[in-house]
Amino acid sequence: MAVCGVLELAARLSIPIHPKGWFVAGPSDDRYFVPAPNLTYTFGASTFVHGPRGTPQGAALPEGDGRIRIAFVGDSVCYGFYASGEENLTRRVEAGLGAERFEVLNFGVPGYNAHMVSATLREEALAFAPKAVVYVFHQNDLTNASHADAFRARPALFRERYDLPKSLLSRTLTRSRALTFVLDRALRRPGRRRPQPAGEGGRPRPSAYSPSGESLRRLLLEEGKHRSYFLEHLRAMRAACASRGVAFALLFVPQEETHYLDGAGAYRSALAELCRGAEVPLLDGQAAFASPVDVELYGDPSHPNARGHAALAEAALEWLRPRLERP
């Protein structure tokens with residue numbers, strides 16, 4: 001046990017927060033990691049290009065090139081796991097609006113929760129002077145939504161991103177940077193099959209909620225700190241945009257389990273209630289996914305694939321077009 005403790009401490013001191021080097025230390029406790037700048041890498045069949053500031057993706061700078069800007073903020077769904085480049089919803093929105101007049105910026109960061117997304121919007125995205133901001137909301141954004149309070153009270157070495165209910169063993173293994181590093185290297189060894197988008201179908205659809213999926217649902221459906229902090233962040237994002245005359249909306253991206261199993265729409269209804277309370281328009285990605293029902297829309301249980309991103313882009317465009325036509 002003592003040897004394991006020493007190895008873990010050494011790993012935390014010497015290994016970057018993500019072993020692949022995708023992330024580097026962030027500018028504040030609110031964004032304690034950000035995408036590594038000037039980085040191009042491939043994950044599965046997806047290629048990602050980080051700009052000189054890490055976010056947004058691509059080479060955009062705050063001064064711009066004269067085009068009207070729209071910013072998307074969020075986590076790995078917005079970032080584009082299983083749908084990068086031209087397949088990503090942000091690029092599809094740009095193409096739908098017309099790239100000659102509009103520039104759509106992707107500020108998505110894998111692993112961010114609502115607190116960190118809110119900080120990104122205020123500290124980064126608004127500096128690019130967008131005319132509209134779309135928050136790509138994923139159900140795990142509520143995890144550890146009291147992020148600032150929970151993290152600032154801990155030494156940096158022991159900060160963790162999630163606080164879903166887990167067993168002691170599960171929490172210990174999840175938080176082990178040494179184990180993460182070893183598993184990562186094992187997954188990347190030559191000849192091992194890498195994750196691929198599931199655009200052609202073949203994924204079995206869920207028949208019941210998993211324990212983690214049910215935990216994520218309860219964070220919003222039940223009164224508690226996660227829900228209240230999320231509402232607080234939602235209001236803060238809307239207020240920050242309103243102070244600059246920027247339109248703001250939330251695009252709901254359901255987990256695969258929620259999409260296929262929440263027939264009564266309980267989760268969507270609860271989210272709609274929160275959005276009304278925060279005076280934030282809700283763009284319904286779950287409805288966008290409803291047709292056609294026989295098309296595979298997910299690359300894994302959390303991330304939509306290219307077809308899913310196409311449906312999400314249409315939902316965003318439906319809200320954006322009339323607002324961008326106004327003087």
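The values are calculated or read from the model by the stated rules, or taken from the named source; none is laboratory data. Because the structure is predicted, anything quoted here is derived from the model rather than measured. Positions of Cβ are backbone-derived with ideal geometry, glycine not excepted, and every protein chain shown enters the neighbour counts.
A few points about this structure:
- Residues that are within 28 Å of Ala95 (Cβ to Cβ) and among the charged types (D, E, K, R) are absent from the stretch 271-281 altogether.
- Search result, residues across the stretch 226-266 that are at pLDDT 95 or above and closer than 25 Å to Arg307 by Cα: Phe248, Ala249, Leu250, Leu251, Phe252, Val253
- Residue, surrounded by the most Cβ atoms within 10 Å (Cβ to Cβ), within the stretch 28-54, restricted to residues that are in contact with a helix residue (DSSP H, G or I) (Cβ under 8 Å, 6 or more places away or on another chain), modelled with pLDDT under 80 and over 16 Å from Arg91 (Cβ atoms): Tyr32
- Criterion applied to Ala240, Ala249 was being among the small types (Gly, Ala, Ser) and part of a helix (DSSP H, G or I), and the one residue passing it is Ala240.
- Taking the criterion of being farther than 24 Å from Glu87 by Cβ, touching a residue at least 40 places away in the same chain (Cβ under 8 Å) and in a helix (DSSP H, G or I), the residues of the stretch 258-313 that qualify are Leu261, Ala266, Tyr267, Ala270, Leu271, Leu274, Cys275, Gly277, Ala278.
- Ser76 vs. criteria touching a residue at least 12 places away in the same chain (Cβ under 8 Å), surrounded by fewer than 24 Cβ atoms within 10 Å (Cβ to Cβ), within 22 Å of Arg217 (Cβ to Cβ) and among the polar types (S, T, N, Q): yes
- Considering each residue of the stretch 55-72 in turn, at least one proves to be at pLDDT below 75, in a loop (DSSP other than H, G, I, E, B) and either acidic (Asp, Glu) or touching a Pro at 6+ places or on another chain (Cβ under 9 Å) (or both).
- Residue pairs whose Cβ atoms lie under 7 Å apart, separated by 6 or more positions or on different chains, with the first residue in the stretch 229-250 and farther than 9 Å from Val280 by Cβ and in contact (Cβ under 8 Å) with a residue 40 or more places away in the chain and the second of a type in the set (S, T, N, Q) and buried (at least 21 other Cβ atoms within 10 Å of the Cβ), are His233/Ser118; Ala236/Ser118.
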